[in-house]
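The values are calculated or read from the model by the stated rules, or taken from the named source; none is laboratory data. A quick note: this is a predicted structure, and the numbers were derived from the prediction, not measured. Please note: Cβ atoms are built from the backbone with ideal geometry, for glycine as well, and neighbour counts cover all protein chains shown. In case anyone asks, the SASA skips ligands and DNA or RNA and just uses the protein heavy atoms, side chains included. Shrake-Rupley method; radii C 1.70, N 1.55, O 1.52, S 1.80 Å.
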Amino acid sequence: MTASGWSANQFSALLGAYRSDLGLTTATTTALFAVYVLGLIPGLLLGGPLADRRGRRPVVYTALATAAVATCLLMAGPAAVWLLWPGRFLTGLGAGALLTAGSVWIKELSSAPHDPATAPGTAARRSGLFLSAGFASGGLAAALIAQWAPYPMITAYVPHLVLSAVAAVAAMRAPETGREGAGRRSGACVGAGATVSSGAAVVSGAGAGAGAGASFWRLIAPVAPWVFAAPTIAFVTLPGLVGARLDGWQTVYAGVATAVTPGAGLLVAPLARRLAARHRLATAVTGLAAVALGLLVGALAVAAVQPAVALGAAAVLGGGYGLCVAYGLTEVAALAPPHRLARLTARFWTLAYLGFFAPYGVTLLSALWSPPAILAAAALLAVLTLGAVARAAHRDRM
């Protein structure tokens with residue numbers, strides 16, 4: 001999971017370098033960033049069913065190898081720019097399959113028969129924490145290497161290859177939890193999911209039937225795109241809009257932003273646990289409120305061209321990301337019956353990663369409206385999402 005987050009975010013910190021060194025336009029670099037999602041979605045949709053049929057380990061190892069090949073293509077990008085497109089596509093394909101199978105594998109390995117009441121929520125949050133750790137460290141490491149090392153757009157990718165090899169070796173001793181025997185293990189986990197919170201207990205029982213799908217679309221799907229719309233705006237869009245005052249430090253600043261954003265997501269993990277214990281929707285409401293606030297602060301930072309304020313906005317957006325991803329993974333763990341766990345997890349990640357198109361959307365809309373106005377409108381949309389989810393939850397209780 002850490003290697004997956006690293007592979008996704010190492011490219012983000014180099015967007016400025018690609019613009020300055022290779023002469024790529026802002027539209028091209030943000031499109032390259034978004035191509036990741038075109039590979040990610042089939043990876044998610046295929047990885048879930050394959051992990052259920054073939055087992056977790058084969059899918060995880062195939063995905064890890066695919067991401068490593070993608071990194072090699074990105075390293076060849078300075079010599080042949082067209083290789084960046086399949087490199088980003090394969091990065092998404094590998095990450096999608098790894099996220100789905102890896103999340104479920106972690107959940108099943110984390111099951112605790114002696115303490116079943118907390119196992120699913122703990123495992124869901126653990127997946128998000130490992131992913132956030134990769135996001136936070138990958139971008140920063142790539143930026144620091146790109147700023148001072150020779151051949152920056154080649155050497156910046158070397159750490160991911162090393163991390164992938166270490167991850168593959170480290171995971172060799174983890175037992176397979178899919179196929180035979182997976183039903184017993186997953187069943188225990190999902191049964192335990194009924195007690196993640198008092199609200200989750202209601203939908204967990206319904207989750208074994210058709211109610212799981214309906215609850216997913218009402219309560220989880222509206223929140224999911226904000227999971228990555230918030231952080232990608234923070235570390236892709238904002239650095240480019242305040243870069244005029246950075247005077248040659250754009251790459252380092254972008255790397256710091258990519259570390260601050262998911263780093264804040266890691267820091268809010270204890271808060272996510274406390275909120276989930278109080279009410280099933282508290283994590284989502286707080287997360288969406290943080291996203292809206294971060295977008296408003298970002299709008300002010302862009303209007304005044306203040307990099308320091310933009311970093312503050314990135315931290316708030318990162319906190320919103322951490323809360324939203326914790327909510328989504330915990331709810332999926334409580335909703336999904338054993339035979340649909342990987343599929344429902346894939347569905348959540350698919351919707352979440354649609355948020356990766358947000359920076360490209362901001363770039364396109366900038367031809368019609370000013371960036372601060374676009375960010376303010378996005379903040380209003382986050383508030384409307386909060387209201388829609390709260391209303392759906394109220395209807396479920398009636």
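Data overview
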read-out: In nm, spacing of pseudo-spin labels at residue 267 and residue 304 (7 Å Cα→C-beta vector); value: 2.0
read-out: Stretchable slack from residue 377 to residue 22, in nm (0.36 nm times residue separation minus alpha-carbon distance); value: 124.5 nm
read-out: Accessible area, probe 1.4 Å, largest first, for residues 362, 305, 166; value: 166, 305, 362
read-out: FRET efficiency estimate (nearest 0.05) - Cβ-Cβ, residue 279 to residue 109, R0 30 angstrom; value: 0.60
read-out: Label corresponding to log10 I(q)/I(0) by the Debye sum over Cα atoms at q = 0.09, 0.13, 0.14 Å⁻¹ when calculated from the structure given, among (1) -0.48, -1.01, -1.16; (2) -0.52, -1.13, -1.32; (3) -0.62, -1.16, -1.28; value: (1)
read-out: Rounded if a/c under 1.5, otherwise prolate or oblate - the stretch 21-69, Cα gyration tensor axes; value: oblate
read-out: Residue-normalised accessible area of the stretch 207-336, expressed per residue, 1.4 Å probe, Å²; value: 31
read-out: Label-point separation in nm, residue 214 to residue 162, each point 7 Å along Cα→Cβ; value: 5.4
read-out: Efficiency of FRET from Cβ geometry, residue 367 and residue 390, R₀ 45 Å, rounded to 0.05; value: 0.85
read-out: Rounded if a/c under 1.5, otherwise prolate or oblate - the stretch 268-398, Cα gyration tensor axes; value: prolate
read-out: Relative packing of 319-327, 153-161, which averages over residues the other C-beta atoms within 10 Å, highest first; value: 319-327, 153-161
read-out: Fraction of accessible area attributable to carbon and sulfur, the chain (%, probe 1.4 Å); value: 70
read-out: Label-point separation in nm, residue 81 to residue 65, each point 7 Å along Cα→Cβ; value: 3.3
read-out: Alpha carbon Rg of the stretch 327-393, scaled by the compact-globule rule 2.2 N^0.38 Å; value: 1.46
